[in-house]
Each structure stands twice: as C-alpha cells, then as structure tokens.
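Undergrad: Can you keep this structure in mind? I'll have questions shortly.
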Amino acid sequence: MRASLIEWITDIHRGFHLEAETLYMVVFLIDKYLSMKKIQRRQLQLVAVACLLIAMKYEEIYCPKLKDVLGVCEIKALKRT
C-alpha cells in the first residue's frame, strides 16, 4: 500500500508543481508516522494529505489553498452550518 500511496502523492506533487524538497519531506513524514503508529487502510490518504500540507507549509513559498488540495485528493471538507 505504501508504494501506491507514494505514487498517488507524487501525482499530486506534480499537479501543483511543487519543489522537489517538498516531495522528499512528504515521503519522510509518511514513513516516520507509519513507523510509529498503526493505522487502518482507509486512513492512509488522510495521513498522506496531512503530511503534504505540513511539508508545503515548511518548504513552499506559495502554498496551494486547502480547498484546492482537498479537491484534487477527493476528500470532502466538512461544511460549516
């Protein structure tokens, strides 16, 4: 599952034209988190997106908006009532 997750996150990385260091940091954060915590398969995408957001905040000068990232990732944001 890790290989398909990294491939998926690489496609998102290319789609937003992010720096190479951002991708390296995302993979590092994913590996570090998965080595420390046992998660369910359905939560892998959430972990990857969280790591992507952290890496973008650290490495990128201009980050994509959260709404754009969630749109690409097919994760629905919680609507405020």
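Please treat every number below as a calculation from the coordinates, not as lab data. Fair warning: this is a prediction, and the values are worked out from it, not measured in the lab. Note: ideal-geometry Cβ built from the backbone for every residue, glycine included; neighbour counts use all protein chains shown.
Undergrad: Normalised by the number of residues in the chain, what is the relative contact order in percent for Cα pairs under 8 Å and 6+ residues apart?
TA: In percent, rounded to a whole number, it is 36.
Undergrad: For labels at Asp68 and Leu5 in the simple 7 Å Cα→Cβ model, what's the distance in nm?
TA: With each label point 7 Å from Cα toward Cβ, the separation is 2.6 nm.
Undergrad: Okay, moving on. Which option, (i) 0.95; (ii) 0.98; (iii) 1.04, is the value of Rg/Rh (Cα atoms, Kirkwood Rh) that was calculated from these coordinates?
TA: (i)
Undergrad: Here's another thing I want to ask about it. Restricting to DSSP H runs of at least four residues, report the calculated mean residue ellipticity at 222 nm for the chain, -39500 (n - 2.57) per run over all residues, nearest 500 deg cm²/dmol.
TA: After summing the helix terms and dividing by the residues of the chain, the value is -22000 deg cm²/dmol.
Undergrad: Positive end of the dipole of the chain, charges at C-beta (+1 Lys, Arg; -1 Asp, Glu), about the Cα centre: which of Trp8, Ala20, Gln45 has its Cα farthest in that direction?
TA: Gln45
Undergrad: Moving on. Full extension from His17 to Ile39: what is 0.36 nm times the residue separation minus their Cα-Cα distance, to one decimal in nm?
TA: Between His17 and Ile39, full extension yields an extra 5.0 nm.
Undergrad: How big is the dipole moment of the chain about its Cα centre under a simple scheme where the beta carbon of each Lys and Arg is +1, that of each Asp and Glu is -1, and everything else is neutral? Debye, nearest 20, please.
TA: The calculation lands at about 620 debye.
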